[in-house]
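Okay, so here's the structure we're looking at.
The values are calculated or read from the model by the stated rules, or taken from the named source; none is laboratory data. If you're wondering where the values come from, they're calculated on a predicted model, not measured in any experiment. Please note: Cβ atoms are built from the backbone with ideal geometry, for glycine as well, and neighbour counts cover all protein chains shown. Protein only, heavy atoms only, side chains kept; ligands, DNA and RNA dropped before computing areas. Shrake-Rupley method; radii C 1.70, N 1.55, O 1.52, S 1.80 Å.
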Amino acid sequence: MSTQATTSAPPSGHDIATEEFPADRRRPRMQGKVVFVTGGSRGIGAAICRSFAEQGAVVAAGYSRDAERAQGLLTELQEHGVEASVHQGNVGSADDCRRAVGEVLEAHGRLDVLVNNAGITSDKTVAKMTDEDWYKVIAVNLSGAFFMSQAALEHMIERGTGRIINISSIIGEIGNIGQANYAASKSGLFGLTKTLAREACYQLAKGGKLTEDTIGVTVNTVAPGFIATDMLATVPEKVLDGIKAQIPVRRLGRPDDIARVVHFLASDYASFITGQVWGVNGGQEM
Ligand code: NAI
């Protein structure tokens, strides 16, 4: 039987059809990989943390204010034997981003996967939007992803492997009344993703680390549709019914729907996918 390492990609140049079937199909795909999820204490971020933990990853979760919730997640993961840590910081601060990435490297010795999930809304029509509404949403949702990625990439390029996954939104693709700041921040992630993806490959090639067999450094974006989390808690039932009517599969998404795609993109098997935007929206945008 094949003794292929638990997380290695199919070797290039092999005829896959003639490979022996893996001995253990239930093997954890992320064994020993260190994953840092910003805004990991609740909602989509917590689902992503749990999904990685189930697959054997070491999980570092970022949070901004709710220390109790973060501690709760940490205890839950540790009770299940998961190596985990939580890291407080405001991703709207470049210094906090650099410090948090440094903390994760210090605690776990490496960083394989960064998920830029932390995000906020501050909804108002353009006419009513204040300077602060605009700047704070851009700072957290877009600049936060940039500064986190900048710090993580340095380490990933040096090691020659890594994954960055940005959590955008369907609103970045289609816009929304009252969300000029949010929509701009979320479509900003598309350009950021593509540029980071190109630069990562460029830097690897320059350093002679872009070989046929490497899992490389990839950067992708997941753009969720409407997902049932705290972020939608303030949306009135009637409005939610209206939203569901526009979704071909006729339901809101679940945090797990997003976690599964993130998980796939983070795996070694996704090494030929970079600079892409993955819509996960029940067909609302197509
Ligand atoms: P949520 O509000 O439940 O969680 C947001 C997380 O971000 C929290 O853990 C919070 O602590 C963290 N956070 C907020 N500001 C922060 C800051 N300044 N520094 C560090 N962490 C900060 O939201 P949800 O729904 O789980 O959303 C997660 C991501 O998914 C966000 O980027 C959001 O824009 C995106 N998204 C959500 C959708 C939804 O329908 N729930 C739809 C499309 C995208």
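Are any residues in region 207-243 open to solvent by less than 40 Å² (accessible area, probe 1.4 Å), more than 16 Å from the ligand (Cβ to nearest atom) and part of a loop (DSSP other than H, G, I, E, B), and if so, which ones?
Those that are open to solvent by less than 40 Å² (accessible area, probe 1.4 Å), more than 16 Å from the ligand (Cβ to nearest atom) and part of a loop (DSSP other than H, G, I, E, B): T214, I215, G216.
Any idea how many residues of region 244-286 are over 30 Å from C201 (Cβ atoms) and either buried (at least 19 other Cβ atoms within 10 Å of the Cβ) or of a type outside the set (K, R) (or both)?
12
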